[in-house]
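K.L.:
Once you've had a glance at the structure underneath, I'll fire off some questions.
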Amino acid sequence: MRLRGNKRQKTDEQPELHGTSGLAVELRGVRRQYGRGKGAVHALGGVDLALPRGTFTAVMGPSGSGKSTFLQCAAGLDRPSAGSVRLGGTEITGMRENQLTELRRSRLGFVFQAFNLLPSLTVEENVLLPMRLAGQRRDRRRAAQVLARVGLADKAGRRPGELSGGQQQRVAIARALITGPDVIFADEPTGALDSTTAAEVLGLLRHAVDTLGATVVMVTHDPTAATWADRVLFLADGVFAGGLDRGTPERIAERMAALTSPTGAMARAAA
Ligand code: ADP
C-alpha cells in the first residue's frame, strides 16, 4: 500500500482540524537542562523551529543529541528550562498541568514505537479513547471512518492482542487521527516493524498529511523512514544542525554519518 504522491487532496471526510492557517509547531529559544552547576546536561541548547500546518517533518540525530527531549518539550510532555512552545497557535509555555493534559488529549495525536494500546479494550474503544478521556461524546461513526482510513474497518471489535504489529500501529494512527489534531507526534513509529509493514505505516502518515492536512513530526533513526517526510531536520548536541528536503536514504545516511563521526563532533565542538 504505497499512498505517496497523493498531494494535498482534501476530501469530504476531512476532520475538523483546529484553526485554518499558520504554524502548527513553533519553538523559540527552547532550552532544556537537566541538573545544575558543573554536572548540568544541556539536552537542548536553544532550539528555534517553525513547522507549517500540513507538513511531515522527520527529526534525526545521533544517540544523546536531544531527540527525545525535543519531542517531549514540543508535545507538552516536558517543560523547557527556557524558551517558548506554541502548538496550533496556542502558547503552551506556562500552562497548568491540567490544561496541558487537556490540550494533549484534544489537540495532539501520539504514535509510539510500542503502540501503547490498551489490551483490554477493543480496537474501536482504543480509537475512541482520546474522546472519552476528553469527556466528549463517543462518536462511533467517526471511529469507523478513521478505522476505514487505516484499512481496519473490519477489526473494530477485535482486541489489540489479536492483531499483527503493523495492524496495531495502524490502530494507534487511527487513534491519533480521531480528534483531527493540530499535530501528530510520532516517536520511532516503525522501530518495532519489518520494512514492508513500516512502509505501510509511514504511507498512512504521509496520506494523513496529504489528504487531511495533518501535521506530523516524527523522530526516527531510520533514513528510509525519514524519506517519507517532506523534510529531515538533524539534531546534534541539542541544537538543529541543518536539514534536507526530500533526501534519498543514502544522502540522509551520509548526513547522519557526518554528525556521528569524530571529525563531525570535533567540528561542532569548535564552532
Ligand atoms: P536522544 O533521544 O537523541 O538519544 P535525549 O533527549 O534522550 O537524546 O538526551 C539528550 C541528553 O540529555 C543526553 O545527554 C542524555 O543523557 C540527557 N538526558 C536525557 N534525559 C535526562 C534526564 N532525565 N536526566 C539527566 N540527563 C538526561
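K.L.:
Over the stretch 24-270, what percent of the accessible surface lies on carbon and sulfur atoms, probe 1.4 Å?
P.N.:
Working: 5190 of 10250 Å².
Within the stretch 24-270, the accessible surface is 51 percent carbon and sulfur.
K.L.:
Using the alpha-carbon centroid of each, what span in Å lies between the stretch 242-258 and the stretch 63-140?
P.N.:
Taking the Cα centre of the stretch 63-140 as reference, the centre of the stretch 242-258 is 29 Å away.
K.L.:
Same structure again: How much length is gained on full extension from Thr224 to Arg28, taking 0.36 nm per residue of separation minus their Cα-Cα distance?
P.N.:
Extending this stretch completely gives an extra 67.6 nm.
K.L.:
Take the chain, connect every pair of alpha-carbon atoms lying under 10 Å apart with a spring to form a Gaussian network, then pick out the residue of His42, His221, His207 with the largest mean-square fluctuation.
P.N.:
Of the options given, His42 has the highest mean-square fluctuation.
K.L.:
Another question about this same structure. Would you mind checking the tilt of helix 249-260 against the longest principal axis of the Cα atoms of the chain, expressed as 0 to 90 degrees and rounded to 10?
P.N.:
With both axes taken from Cα atoms, the answer is about 40 degrees.
K.L.:
Could you give each residue of the stretch 195-210 its phi-based ³J(HN,Hα) in whole Hz, using Karplus coefficients 6.51, -1.76, 1.60 with θ = phi - 60°, and x for Gly or Pro?
P.N.:
5, 5, 5, 4, 4, 5, 5, 5, x, 5, 5, 4, 5, 4, 5, 6
K.L.:
Taking the Cα atoms only, what angle lies between the long axis of helix 140-149 and the longest principal axis of the chain, rounded to 10 degrees?
P.N.:
It works out to around 60 degrees.
K.L.:
How far, in degrees from 0 to 90, does helix 123-133 lean away from the longest principal axis of the Cα atoms of the chain, to the nearest 10?
P.N.:
70
K.L.:
FRET efficiency for Gln145 and Ser63, Cβ-Cβ distance as r, R0 = 45 Å, nearest 0.05?
P.N.:
0.70
K.L.:
With a 10 Å cut-off between alpha carbons and a GNM built on the chain, which of Glu254, Glu26, Glu188 moves the most?
P.N.:
Its mean-square fluctuation being the largest, the pick is Glu254.
K.L.:
Report ³J(HN,Hα) in whole Hz for each residue of the stretch 94-108, in order, from the Karplus equation J = 6.51 cos²θ - 1.76 cosθ + 1.60 where θ = phi - 60°; Gly and Pro get x.
P.N.:
Karplus values, whole Hz, x for Gly and Pro: x, 5, 6, 4, 5, 5, 5, 4, 5, 5, 5, 5, 9, 10, 10.
K.L.:
With θ set to phi - 60° and the Karplus curve 6.51 cos²θ - 1.76 cosθ + 1.60, what are the ³J(HN,Hα) couplings of the stretch 227-244 in order, to the nearest whole Hz, using x for Gly and Pro?
P.N.:
Per residue, the Karplus-derived 3J(HN,Hα) values read 5, 6, 7, 6, 8, 10, 10, 9, 9, 9, 6, x, 9, 6, 10, x, x, 9 Hz.
K.L.:
Here's something else I'd like to know. Top mean-square fluctuation among Gly39, Gly94, Gly191, Gaussian network model of the chain, C-alpha springs under 10 Å?
P.N.:
Gly39
K.L.:
Here's something else I'd like to know. What accessible area per residue, rounded to a whole number of Å², is obtained for the stretch 131-271 using a probe radius of 1.4 Å? Write out the running numbers ahead of the final one.
P.N.:
Numbers: 5720 Å² over 141 residues.
Value returned for the stretch 131-271: 41 Å² of accessible area per residue.
K.L.:
Does the chain classify as rounded, prolate or oblate by the C-alpha gyration tensor (a ≥ b ≥ c root eigenvalues; a/c under 1.5 gives rounded; else a/b over b/c gives prolate, otherwise oblate)?
P.N.:
prolate
K.L.:
Taking 7 Å along the Cα-to-C-beta vector as the label spot, tell me the Ala134-Glu91 distance in nanometres, rounded to one decimal.
P.N.:
The modelled label-to-label distance comes out at 2.3 nm.
K.L.:
Same structure again: Based on DSSP loop calls and a cut-off of at most 14 other Cβ atoms within 10 Å, the longest stretch of the chain free of exposed trypsin sites (Lys or Arg not before Pro) is what? Mind showing how you got there, number by number?
P.N.:
Numbers: sites that count: Arg2, Arg4, Lys7, Arg8, Lys10, Arg36, Arg96, Arg137, Arg138, Arg246.
Result for the longest clean stretch: 139-245.
The values are calculated or read from the model by the stated rules, or taken from the named source; none is laboratory data. Please read all numbers here as calculations on a predicted model, not as lab measurements. Please note: Cβ atoms are built from the backbone with ideal geometry, for glycine as well, and neighbour counts cover all protein chains shown. Areas reflect the complete protein model, heavy atoms only, side chains present, ligands, DNA and RNA absent. Shrake-Rupley method; radii C 1.70, N 1.55, O 1.52, S 1.80 Å.
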